[in-house]
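Trainee: Below you'll find the structure I mean.
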Amino acid sequence: MVVVVTVMVTLFIAARGIYQYTTDQHIDLLDDQLKLWSEHNSLDNLLHDHSPDVQPHSPSVTPDIQFPVLQSFNPAGLLIIEHQHNQPVVRHWFPVAGNSVDPEPLLQDLMPVLARDNPHGMGLTFRRQDQSYRALLIDAAAGRQAVLLARQSVMVSDYVVLLLWMLVIIVLVSVLIYLVHVLIYQKRRKRWLNMIKNAKIDPLTGLPNQHQLQRDLKHARHTNLAFIKFHNFNSILNTYGPAITDDVIRQISAVIAGFSHPLSKNGTCYHVQQAVFATLEDQQISYEKIAQLTKDLVTAIMTTRYEVGDGEYISVNVTVGAVRQNRDAFMLANMALQEAERKNLQFYLIDEHDSWLPETYRRDLALTQVLLEGLKEDRIVAYYQPIFCARTKQVVKYECLSRLIGRDGEVELMPNVFIPLAHRANVYAQITKAMIRQAISLVEAYHINVSLNLSVSDIHNRRTCEYLFHKLKSSGLGQYIQIELLENEAIIETDDIIEFIGELKSIGCRVGMDDLGKGHSNIERLINLPIDYVKIDRSIMENVTHNLEMQNVARGIVKLAHKKGLEVVAEYCSTRALTQLAIDLGVDYLQGFYLGKPGPYEFEVNADADKPLSSQTVQ
């Protein structure tokens, strides 16, 4: 569409320009030929004739004059006029031989033009009905003027031919551009389709992968899902190496993909993990029949011998975890596989009846209901843990931590329990918004520094970000809010993170990296983000007092951070010895149960300053 519009506009501009150029050239040609005509010897006597006047507009007394006809020129005649009382009066009209122009209407249209514009030696253009004329004023006898008239016509000239050629060229170029566009689009489309296809296909086996399985489960109506794991994978890998092991996996996938059974009507097989395959049978089938179908597939896998070298073959043992319900089928099939391995069973089935569900799944369902009720009743509450300056031993800020409070006012669930459930129930964003709202309300009341934890999921959630920035900007207290990025998810899209940090800093917020050293990403790469401080992860700090390697890791983080101009917070200061060691390592801030536990602190305002009751000094 854009190409077509561009071509149309180009054609219009080109046609208009060439038409105007052609017209101007034609008028110049007429003027040149009129001047040449005026200098012709045959006109000299007529221009200087002093014979008695004839009646105006009387062509009968002015016989046709034989004027020379020039190439590409269409003369109409010669008009002799005289000005009386500043008005032009016709004295003679000499039509060109063979010209049938009626002078009366022609002269009626010419007179107003002559009265208005009387440029000597210059051409004039006027129209009579659908015909244009070009007129040239020249000297005649004393007190008189002569007007040479010629028809102005549009001729098929070189310029018109040029226009046609340009149109042809533009059309050809447009067609070429369109063909190139189609070719490029088709190549890109093919590449996109290949990328989409590859994203759904396991490159080792050629079978659909885990992502495709999860997509298919969303559309399945009668789910019968089985995870099949061959559990001598590690021994094969250690004995024969990765190349032979990959070949064994390909051989197993060929057996599963080539398996046919009269009970199978709508079955698909997948390769989900290194040693785990899956089969999905989307049909309404009895337990006995699906059990027989799965048993026959397992028999086919286990009775096949797989080549591992020249003339050498091995067999594999498999364990199956299966589920017969649509809801949480992937997770339940994985749980069933774990139950089968734990109980040393070859087959474990989770049916749609509650009595078949694993205890952990039933517990999670119950806790999810508790979480949803807590959200509905606003029982997700912010607790605040003080953070101390390592040099002055004074509270400098508070970290906002979420807790699910029971109806009795006591903590019912900790975040390590309900955060995974919130992600699964798709309500995690509601918890983040609750923390943002409560933290900013506290800052508005007491003007204290508060840090908020945000995950990569929060940053990639457009509505969460819009809510955060709206609250920060409307409060005007961005300088009191510090945002800590959690490294509990791998930070991959660093460009998005940098843009997010930049917007936070534009409204006065400081930004830190929480859980540094947890293992998801390279420490130096994260420190190179435009942040202000880092927090050493608990997994490092809790071991520094008795593990020299961890102590060196912590010391290295402190040194690297300070080199980058960043401040360092030591978490998990749970004992006096650990706290003192953190100070000796050179950290800037301290946080931990030894110094102060998280709690729903109450604040009071005294006459001297707005100071929280929980503020304390390290003893």
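Trainee: Whether any residue in segment 343-365 is polar (S, T, N, Q) and closer than 30 Å to M302 by Cα is what I want to check.
Mentor: Yes - at least one qualifying residue is present in segment 343-365.
Trainee: Follow-up question, since we're still on this one. Which pairs do you get when a residue that is at negative phi and in a strand (DSSP E or B), found in segment 305-318, comes within reach of a residue that is modelled with pLDDT under 90 and open to solvent by 80 Å² or more (accessible area, probe 1.4 Å), reach meaning Cβ atoms under 8 angstrom, with the pair 6+ apart or on two chains?
Mentor: Listed pairs, sorted by first residue: V318/H231; V318/Q346.
Trainee: Sort out which residues of segment 298-346 are crowded, with 17+ Cβ neighbours inside 10 Å and of a type in the set (F, W, Y), and write them in order of number.
Mentor: Listed by number, the residues that qualify are Y306, F330.
Trainee: What's the total number of residues in segment 576-598 that are touching a residue at least 24 places away in the same chain (Cβ under 8 Å) and of a type in the set (S, T, Y)?
Mentor: Total meeting the criteria: 2.
Trainee: Also: Would you confirm, using the coordinates I've provided, whether T239 is among the β-branched types (V, I, T) and open to solvent by 80 Å² or more (accessible area, probe 1.4 Å)?
Mentor: When the stated conditions are applied, T239 passes them.
Trainee: Could you say whether any residue in segment 266-281 is assigned to a helix (DSSP H, G or I), in contact with an Asp or Glu (Cβ under 8 Å, 6 or more places away or on another chain) and open to solvent by 20 Å² or more (accessible area, probe 1.4 Å)?
Mentor: No.
Trainee: Residue check: is Q283 out of contact with any strand residue (DSSP E or B) (no Cβ under 9 Å at 6 or more places or on another chain) and touching a residue at least 12 places away in the same chain (Cβ under 8 Å)?
Mentor: no
Trainee: While we're on this one: Give the residues of segment 530-554 that are farther than 21 Å from C509 by Cβ, in contact with a Leu (Cβ under 9 Å, 6 or more places away or on another chain) and either outside any helix (DSSP H, G or I) or at pLDDT 95 or above (or both), sorted by residue number.
Mentor: Passing the criteria: I536, D537, E542, V544, T545.
Trainee: Could you go through segment 398-409 and let me know if any residue there is among the polar types (S, T, N, Q), touching a residue at least 24 places away in the same chain (Cβ under 8 Å) and assigned to a loop (DSSP other than H, G, I, E, B).
Mentor: Checked against the condition, which is being among the polar types (S, T, N, Q), touching a residue at least 24 places away in the same chain (Cβ under 8 Å) and assigned to a loop (DSSP other than H, G, I, E, B), segment 398-409 yields no hits at all.
Trainee: Let me ask something additional. The conditions are (1) exposed (fewer than 15 other Cβ atoms within 10 Å of the Cβ); (2) not in a helix (DSSP H, G or I), and T223 fails exactly one of them. Which is it?
Mentor: For T223, the exception is condition (1).
Trainee: Just to be sure I understand, how many residues within segment 369-382 are surrounded by fewer than 19 Cβ atoms within 10 Å (Cβ to Cβ) and in a strand (DSSP E or B)?
Mentor: Of the residues in segment 369-382, 1 are surrounded by fewer than 19 Cβ atoms within 10 Å (Cβ to Cβ) and in a strand (DSSP E or B).
Here is a yes/no grid of residues against (1) modelled with pLDDT of 90 or more; (2) open to solvent by 40 Å² or more (accessible area, probe 1.4 Å); (3) part of a helix (DSSP H, G or I); (4) hydroxyl-bearing (S, T, Y):
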| position | (1), (2), (3), (4) |
| --- | --- |
| V417 | yes, yes, yes, no |
| A434 | yes, no, yes, no |
| A490 | no, yes, no, no |
| M513 | yes, no, no, no |
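Trainee: Assess whether Y467 counts as being of a type in the set (F, W, Y), crowded, with 16+ Cβ neighbours inside 10 Å and farther than 21 Å from S506 by Cβ.
Mentor: no
Trainee: So which residues in segment 282-297 are open to solvent by 80 Å² or more (accessible area, probe 1.4 Å) and of a type in the set (S, T, Y)?
Mentor: Y287
The values are calculated or read from the model by the stated rules, or taken from the named source; none is laboratory data. In this text, all values refer to a predicted model and were calculated from it rather than measured experimentally. Backbone-built Cβ (ideal geometry, glycine too); neighbour counts: all protein chains shown. All accessible areas refer to the heavy atoms of the entire protein, side chains included, with ligands and DNA or RNA removed. Shrake-Rupley method; radii C 1.70, N 1.55, O 1.52, S 1.80 Å.
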